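Before any comments, here is the structure.
The values are calculated or read from the model by the stated rules, or taken from the named source; none is laboratory data. All figures in this text were calculated on a predicted structure; none of them were measured in a lab. A quick note on method: Cβ atoms are made from the backbone with ideal geometry, for glycine too, and the neighbour counts reach across all protein chains shown. These area figures cover heavy atoms from the full protein model, side chains too; ligands, DNA and RNA do not enter into them. Shrake-Rupley method; radii C 1.70, N 1.55, O 1.52, S 1.80 Å.
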Amino acid sequence: MGPPGYLEIYLDDHRAGAAGGSRRARRLYRNNADGPWAGELEELSRRIDRDKHTLKEVREALGMDGGMLKTVSAVAAERIARLKFNGHLLGYSPLSRVLEVESLMAGVLAKRRLWAALHVARPSYRELERFDFEGLGTEAESQLEVLARVHGWAAGLAFEAEPQADGSR
């Protein structure tokens, strides 16, 4: 294959995002495995991993390989992002949860647009005929709905009013 075309560059970018998003979803689940949303977060993590695998299959169908630099960079960036100040010197905080959910929401929204773009591109690439990009877009919408519910819960925990000396809020 010659120099990468726009589609290959685009899919490299999304593969990098998928790698970081998959790691973030697993981390969100691990850090909340004892919370009320544990089951949904565990399932969401599996669904995000499944989409990452589907993207790998899309790239393979198109004969694309390589381009790992962006993926390695995205994973490194995800790890560095954990170092941001979150109100706790060490460890996980309620703010960490809110920010992780928002980051995942941005990633899933980008993934939804990826599937829409590939649906548009499909007529030009016979190799893509076997993929249900509309169904994948619907799946992304479902993931966003879960994340919106978890975000509401996380924001409530992080930002509820501090009790006053008299016990009022």
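Go through (1) open to solvent by less than 40 Å² (accessible area, probe 1.4 Å); (2) without any contact (Cβ under 8 Å) to a residue 40 or more places away in the chain; (3) farther than 20 Å from Trp153 by Cβ for Glu60 and report which single condition fails.
Tallying (1) open to solvent by less than 40 Å² (accessible area, probe 1.4 Å); (2) without any contact (Cβ under 8 Å) to a residue 40 or more places away in the chain; (3) farther than 20 Å from Trp153 by Cβ, Glu60 fails exactly one: (1).
With the requirement that a residue be in contact (Cβ under 8 Å) with a residue 40 or more places away in the chain and in a helix (DSSP H, G or I), what does segment 112-128 give you?
Once the filter is applied, which keeps residues that are in contact (Cβ under 8 Å) with a residue 40 or more places away in the chain and in a helix (DSSP H, G or I), segment 112-128 yields Leu114, Ala117, Leu118, Ala121, Glu127, Leu128.
Which of the residues belonging to segment 129-144 are in a loop (DSSP other than H, G, I, E, B) and either open to solvent by less than 30 Å² (accessible area, probe 1.4 Å) or of a type in the set (A, V, I, L, M, F, W, C) (or both)?
Phe131
Only one of (1) more than 30 Å from Val58 (Cα to Cα); (2) open to solvent by 50 Å² or more (accessible area, probe 1.4 Å); (3) among the β-branched types (Val, Ile, Thr) is not met by Val98, so which one is it?
Here Val98 meets the rest and fails (2).
Can you report the number of residues in segment 106-128 which are open to solvent by less than 50 Å² (accessible area, probe 1.4 Å) and under 30 Å from Arg149 (Cα atoms)?
Count: 9.
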